[in-house]
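Notes follow once the structure below has been shown.
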Amino acid sequence: MKKRRSVFIVFLSLVAVFVVLSPTIQAFQGGVQSGNEEYCGSDCHKVQSSALMTMWASNLTPAAGSSVTVIVNVTGGTTSQILGVMLVSTLSAVPDSLPSAHGWAITSDPSGTTTKYNWYETTSYSGQASMQWTLNAPSTAGLYKLFARLLHGGADTFALDNKTGLPFAIGTSSQTGIPTVIVTSPTDGEEVSGSISVTANVDSEQSIQYVSLKMDGVEIGNKTNGPYFWDIDTAIYLDGSHVINVTAADVDGDRGSNEIEITVNNAEESTTLLGWVWTMASGSLAIVAAMSVLIVLVLMVRKKKVEGRLR
């Protein structure tokens, strides 16, 4: 009877360890060979990859609806592993991260066929890969961006984002004499939190007189020389949609601007922080539970030795 009771205690202790550890267990999310995949952010492959990823495009100022070639090159990182690369229009885990959600039409992917997928996976990555997509540009003139994310792994899982991306000025090259402004970070529709940097590329035939940054119509920065970037603490803004406008004026008085919309979500960042605290706490509890199991086992062994001597 005593033996059964001891076994039951050990069983309960092991169950307790599993229950405490279960919140921290993360399943490996493998690829799907080829398909349309949304940007998964930190939900898949949380460890930063040591690989180097670059992006190239055949034309950054294409006419609306014209064909564009985008090539993503990957070197280094873990070799002899699965490697997948996705082409996305925003680095936010939202339902509209597919290029098609922003007007792009993929006509071919790295498979070499005429499939139309933004995600391609190879099982023979040996330290170098080049993946090519062909797309038709959006039919509406404006400023757009494309990004790439790589995922690879086996026993370990890794991820890497090309956060710079490729800025496209669709159908705007005819605006001769007007400064061209492209906000490179954040991206249109991106969800942000905490401190962010707003960066912009400015191209002008004439000397730039000034470049100003406005948030919801209120000027919060003004520069006369590049590089053009501003740090913003989003905590001073309410969660929700906000409009960022960067306007450049040259010495002739001509002005060009780029306006994007972002979503501030500091509430989720707070939730993530609390989740991290819980993970750390649960890890500590797991150690305590494991030590408790060891102590129970040691006491059981010691008790059996004492009982053996008394006999």
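Computed from backbone phi with θ = phi - 60° and the Karplus coefficients 6.51, -1.76 and 1.60, the 3J(HN,Hα) list for the range 131-147 is 10, 10, 10, 10, 9, 8, 5, x, 7, 9, 4, x, 9, 9, 9, 10, 10 Hz; x is used for glycine and proline. Backbone geometry of the range 109-120 corresponds, through the Karplus equation with coefficients 6.51, -1.76 and 1.60 at θ = phi - 60°, to 3J(HN,Hα) couplings of 10, x, 5, x, 9, 9, 5, 10, 10, 8, 10, 9 Hz, x marking Gly and Pro. What the Kirkwood sum gives for the range 31-172 is a hydrodynamic radius of 15.0 Å, with every pair of different alpha carbons counted. In this structure the amide hydrogen of residue 184, modeled in the peptide plane, comes within under 5 Å of the amide hydrogens of 199, 200, 201, none closer than 5 places in sequence on its chain.
Read-outs throughout are calculated quantities, based only on the coordinates presented, and are distinct from any laboratory measurement. Keep in mind that this is a model prediction, so the values were computed, not measured.
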